[in-house]
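The values are calculated or read from the model by the stated rules, or taken from the named source; none is laboratory data. Values in this document were obtained by computation on a predicted structure and should not be read as measured data. Glycine also receives a Cβ, built like all others from the backbone with ideal geometry; neighbour counts cover every protein chain displayed. Accessible surface areas use protein heavy atoms only, side chains included; no ligands, DNA or RNA. Shrake-Rupley method; radii C 1.70, N 1.55, O 1.52, S 1.80 Å.
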Amino acid sequence: MSQGPVAPAPGRGVDLSRLERMPDPEPDEAVALQEVWREVAPESRRGRRDLLLPALQALQRARGWVSYPALAAVCRELGVPLADAYGVAAFYALLRTEPGPRHIVHLCDDVACMRRGADRLAARLRERLGPPLHGPEHGGLRGLPGSARLSGAHGDGASPGAAASVGWAFSPCLGQCDRAPAALAGDEVWGELTPEGLEAGLRDLEAAGHPEGARGEPDGAAAEAPLLAGGSPGVPGPRAGCMGEATPLLLERVLSGGATTLDAYLARGGYQALRRARELGPGGAMAEVERARLLGRGGAAFPSSRKWAAVAREPGPRYVVCNADESEPGTFKDRVLLELDPFAVLEGMTIAAFATGAERGWIYVRGEYPDAYRSIRRAVEEARARGYLGHHLLGADWSFDVEVRRGAGAYVCGEETALFNSIEGLRGEPRARPPFPTQRGLFGRPTVIHNVETLASVVPILLRGGKWYGALGTARSAGTKLVSVSGDVAVPGLYEVPFGTPIRAILEELAGGAPGGRRIQAVLCGGAAGTFLFPEELDTPLAFETLQAIGGTVGSGALVVLDETADLWEVAERIARFFKEESCGQCVPCRVGTRRQWELVRAIRRQGGRVDGALRALFDDLARVMRDSSICGLGQLAPNALASLVRR
Ligand code: SF4
Ligand code: FES
């Protein structure tokens, strides 16, 4: 955040007269803003619209909401019209523009948590704190009162619980599915939560004004599985494992407790891959990634070396962006890497920058990942202080530095162009393409954008050679894959397997199968944007081509297991609600289609899961329109899981 302006200066010529008439912000708001402005000279702030989101987040932290006078102060500083800034504040689920409870407990009721007792916790919260500020009963987009994304709830403008210090809301997946049921209170994660742990957490919040780390107890096989170091106090760390001779590659340090300091990373082979890249030169490093046949791990499976080559061909300045906005329900792999092996992500990013001639990078971390954010920020600061980032890093005649940004609660910001807009201080709405990010990406510059796992994979590729890595896996899926396993399994956790490993082996040999000897009924493969797989499909090898052949997808690598006791249409309704709430609303097929889809699933549920010909035809028609005419992947993929169930 300390570096100079990077964007063309928007906001010039803004009429500030209305802003001048606003009262000054309260002292605590002014202090919060000073923290944001500290490293940017006053004369350089105008036009730095990219500081808008950090400023709003600072205000939210200071008071629990963003007041108009404070918003106006931000607008005066940055030269952004007030209505425009309000539109940004209102876009994000974790920002509020009205006062309400000082603390909000976000209880996850997404699929994995639903299967592990979130309803008991919700009942306790209702009893204790009254109705939720946001939940299934509210008809509109996701968001809390005071957010324009919420419509229909509390139409009288009153925020229930406004006078109370603690309120609560239902949340989509928090990326803690291995520790389900989970909640987020401020910057504290509450995992494997029991009603008693929840009560203790609420008492801490009410008494001390901050949570002291509430937790529950794992049961069954999960209690026996070794735990790795966690982030938030009192929260169990992830369980992890691997399969196959070549593994662990990505989880090597994670499995031995993590490497969260530079010395720990260096002691375990850290930065040898960057040294190798420098020996090979930019073209040689890129050739290794090409030989490795590395495909993007974020879901789209695009060849990484093609992105690199396209960006390297464009005139500079060029940028590298790490997409750490991991929000696909059921997915937590990037969270674990960022928490326990942050320098590997940073090293992979630095190699990508070296190969493409990029000089600046951004890491955009999901707002609901406080521990991952802290971990990667510390890593960036340490790397910079020790010469692994910055001017002439490691004595090279090339410079590269990285900024860490944090999201504010919007699934759609995982879409790469929406993420660019979010960093730039705009609403996180996807852009139409072309132009593609390799031509006009962040701040209009050629940009390589990769998911966390993709960047971390660059490190073993340079260390072991692209040819070696490319020989792992299957014909069209090279290397290893991180798989987030959750739901009805004995040991939910993060597992690394070579591509081509049968899904059943992952579920049974690594995750211990369904608990209590129950039968697996279905697996949600690839997250909410993936598809259901049924028992006869579980011998399918995990690979892009094999899953595609049966109408599925690797997606984010999430496997959410549903045993014979699950109501699949209840799960389907949760998925449909997720897309309805997370649609940014920019295009009609998605905005209206996700709502109609949710209504159809509810209708099917009401008739006991029977899908008659008329409903099926309606559903197929709707899915076709959404796939063909939505602007971005959210609308295009939203029908997938539901279609796989309707087909069944
Ligand atoms: S498809 Fe949905 S999320 Fe994507 S731009 Fe359109 S409305 Fe927004
Ligand atoms: S954290 Fe609840 S489903 Fe992922």
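The table below gives the values:
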read-out	value
Under 19 Å from the Cα of Lys467 - aspartates and glutamates, other chains or at least 8 residues apart	Glu245, Glu279, Glu288, Glu290
Theoretical gain in end-to-end length, Glu26 to Arg647 [0.36 nm per residue, Cα-Cα removed]	217.9 nm
Alpha carbon centroid spacing (whole Å) that separates region 624-648 from region 260-305	34
Residue-by-residue Karplus 3J(HN,Hα) for region 283-290, coefficients 6.51, -1.76, 1.60, Hz, glycine and proline x	x, x, 5, 5, 5, 4, 5, 5
Cys with no candidate disulfide partner in the chain (beta-carbon separation under 4.7 Å rule)	Cys75, Cys173, Cys177, Cys242, Cys322, Cys413, Cys525, Cys584, Cys587, Cys590, Cys632
DSSP beta bridges in the chain [antiparallel fraction, %, rounded to 5]	45
Amide H contacts under 5 Å for Ile104, placed H, 5+ residues apart	Gly167, Gly186
Amide H partners (placed H, <5 Å) of Thr540, local residues excluded	Ile503, Arg504
Segment Ser256-Arg268, length gained on full extension (0.36 nm per residue, minus Cα span)	3.3 nm
Cα-projected label distance for Ala310 with Arg386, points at 7 Å along beta-carbon direction, nm	3.5
Projected label distance in nm at Glu245 and Ala123, using a 7 Å step from Cα toward the beta-carbon	5.3
From phi via Karplus (6.51, -1.76, 1.60), per-residue ³J(HN,Hα) for region 416-423 in Hz, x at Gly/Pro	4, 6, 5, 5, 4, 4, 5, 4
Amide H contacts under 5 Å for Ser171, placed H, 5+ residues apart	Leu107, Cys108, Asp109
Sites Ala300 and Arg591, calculated FRET efficiency, Cβ-Cβ separation with R0 22 Å, nearest 0.05	0.45
Heavy-atom accessible area per residue - the chain, 1.4 Å, Å²	35
Net lengthening on full extension, Glu98/Glu536 (0.36 nm per residue, minus Cα-Cα)	152.6 nm
Ranked by how many other beta carbons lie within 10 Å on average, peptides 370-378, 188-196 from highest	188-196, 370-378
Computed [θ] at 222 nm, deg cm²/dmol, the chain (DSSP H ≥ 4; -39,500 (n - 2.57); rounded to nearest 500)	-12000 deg cm²/dmol
Accessible surface of region 318-369 [probe 1.4 Å, protein heavy atoms]: carbon and sulfur percent	37
Computed E for Asp628/Trp468 - FRET, C-beta separation, R0 60 angstrom, nearest 0.05	0.90
In order through region 460-472: 3J(HN,Hα) via Karplus (6.51 cos²θ - 1.76 cosθ + 1.60), integer Hz, x for Gly, Pro	x, 5, 5, 6, 9, x, x, 5, 4, 5, x, 7, 7
Mean Cβ count within 10 Å, highest first, over the residues of peptides 630-642, 251-263	630-642, 251-263
Overall Cα dimensions of the chain - principal axes, largest extent first, Å	65, 65, 48
Amide N proximity, region 88-124 versus Tyr68 label position 7 Å along Cα-to-Cβ, cut-off under 11 Å	none
Cα-based shape type of region 314-449, given that a ≥ b ≥ c are square roots of the gyration tensor eigenvalues and the cut on a/c is 1.5	oblate
For region 490-544 versus region 61-78, the gap between their alpha-carbon centres in whole angstrom	46
